Amino acid sequence: MQTAINHMTVPRLSYVELLDLAANLGCVGVEVRNDIERPLFDEADPASAGAMARDKGLRLVGLSQVYPFNSWSDTIAIEVRALIATALEAGAETISLIPRNDGTQTGNGERHANLRIALKEIQPMLADAGLVALVEPLGFPRSSLRSKTELVETIDALDAAAQFRIVHDTFHHALAEGGPIYPERTGIVHISGVTDPALGIEKMEDEHRVLVDASDRLGNIEQLRALLAAGYDGPVCYECFSPEVHALGDPEAALRASFEFISSQLAEEAA
């Protein structure tokens, strides 16, 4: 299992500290973000930031994010072009596109049309850059893109599989009540757990996303088993939003313990 860390899991760490953490944990790379309370790359220029990662044997597996990509406008187009340019300069492998998540534009006709328009506009930008975008269905009922199948069908209708791949997020997959997985179309897997036994699935929010342990209620181990058994061999990236995780005094020890728990569970199944 190739592991990675999304900066959202440890937003208090500097970019250099994030790289050191990932290297110490034997990760293949990191995902960096433009939506946490610190500047992207801590204001290092993207080329230098990419070189820092490579010098530590790490990949920039993703650069996040454009939101809401499926509410297409001149402003969103500018943001997509800018993120592509930054990714190319840094040597990042992908950019991330996040759908509208405020309860609007969720009707069938509007939802499908908005998704198709945005992907059709972004496809040539990616093709020209030789870059891939990761599109993340969000499982919240208020999301304008919950279904992986809907996404795959739209990508295929545009003949755009070379430019777009799916984010399989174990939290959002559970909230969307499961459904088909598409390991061959998946570019990254995001993992996080929910452990509060009193929390109904309809009440689960980003703030509840913690490290995976034996109390996990999202079925992370089962989802990973299914993906790996079906041939997925890309990064498995920690993405936790919980303030509890953000406040950890020793995130390296906690992440190491969780990664080891996950690996042990997957090894037991393989045996």
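Descriptive notes on the structure:
- Condition met for I78 (modelled with pLDDT of 95 or more and either on the phi > 0 side of the Ramachandran plot or open to solvent by less than 40 Å² (accessible area, probe 1.4 Å) (or both)): no
- Here region 60-75 is the region considered, the condition is being over 15 Å from the mean Cα position of the chain (by Cα) and outside any loop (DSSP other than H, G, I, E, B), and the residue that is surrounded by the most Cβ atoms within 10 Å (Cβ to Cβ) is T75.
- All of I117, I122 fail the test of being open to solvent by less than 70 Å² (accessible area, probe 1.4 Å) and at pLDDT 95 or above, apart from I122.
- If you filter region 152-169 down to residues that are touching a helix residue (DSSP H, G or I) at 6+ places or on another chain (Cβ under 8 Å) and open to solvent by less than 20 Å² (accessible area, probe 1.4 Å), you find that the one that is farthest from E184 (Cα to Cα) is T154.
- Subset of region 125-145 [open to solvent by 40 Å² or more (accessible area, probe 1.4 Å) and either farther than 17 Å from S71 by Cα or in a helix (DSSP H, G or I) (or both)]: A127, D128, G130, P141
- If only residues of region 81-114 that are among the basic types (K, R) and closer than 30 Å to R59 by Cβ are counted, the one that is surrounded by the most Cβ atoms within 10 Å (Cβ to Cβ) is R100.
- Unmet requirement for M204, which otherwise passes all of (1) closer than 23 Å to Y67 by Cα; (2) open to solvent by 20 Å² or more (accessible area, probe 1.4 Å); (3) not hydroxyl-bearing (S, T, Y): (2)
- Odd one out for R209, checked against (1) of a type outside the set (G, A, S); (2) in contact (Cβ under 8 Å) with a residue 40 or more places away in the chain; (3) under 19 Å from S64 (Cα atoms): (2)
- All positions within region 1-19 that are part of a strand (DSSP E or B) and small (G, A, S): A4
- Subset of region 1-58 [surrounded by fewer than 17 Cβ atoms within 10 Å (Cβ to Cβ), touching a residue at least 40 places away in the same chain (Cβ under 8 Å) and among the acidic types (D, E)]: D45
- Count of region 218-253 residues which are among the small types (G, A, S), surrounded by 12 or more Cβ atoms within 10 Å (Cβ to Cβ) and under 20 Å from the mean Cα position of the chain (by Cα): 5
- Residue selection: R38 fails the criterion of being over 13 Å from the mean Cα position of the chain (by Cα), basic (K, R) and under 30 Å from A230 (Cβ atoms).
- Test result for S192, over 22 Å from N114 (Cβ atoms), among the small types (G, A, S), open to solvent by less than 20 Å² (accessible area, probe 1.4 Å) and in contact (Cβ under 8 Å) with a residue 12 or more places away in the chain: yes
- Within this structure, A214 passes the test of being over 19 Å from the mean Cα position of the chain (by Cα), farther than 16 Å from V189 by Cα and open to solvent by 70 Å² or more (accessible area, probe 1.4 Å).
The values are calculated or read from the model by the stated rules, or taken from the named source; none is laboratory data. Values in this document were obtained by computation on a predicted structure and should not be read as measured data. Heads up, the Cβs are rebuilt from the backbone with ideal geometry, glycines too, and the neighbour counts pull from every protein chain shown. Accessible surface areas use protein heavy atoms only, side chains included; no ligands, DNA or RNA. Shrake-Rupley method; radii C 1.70, N 1.55, O 1.52, S 1.80 Å.
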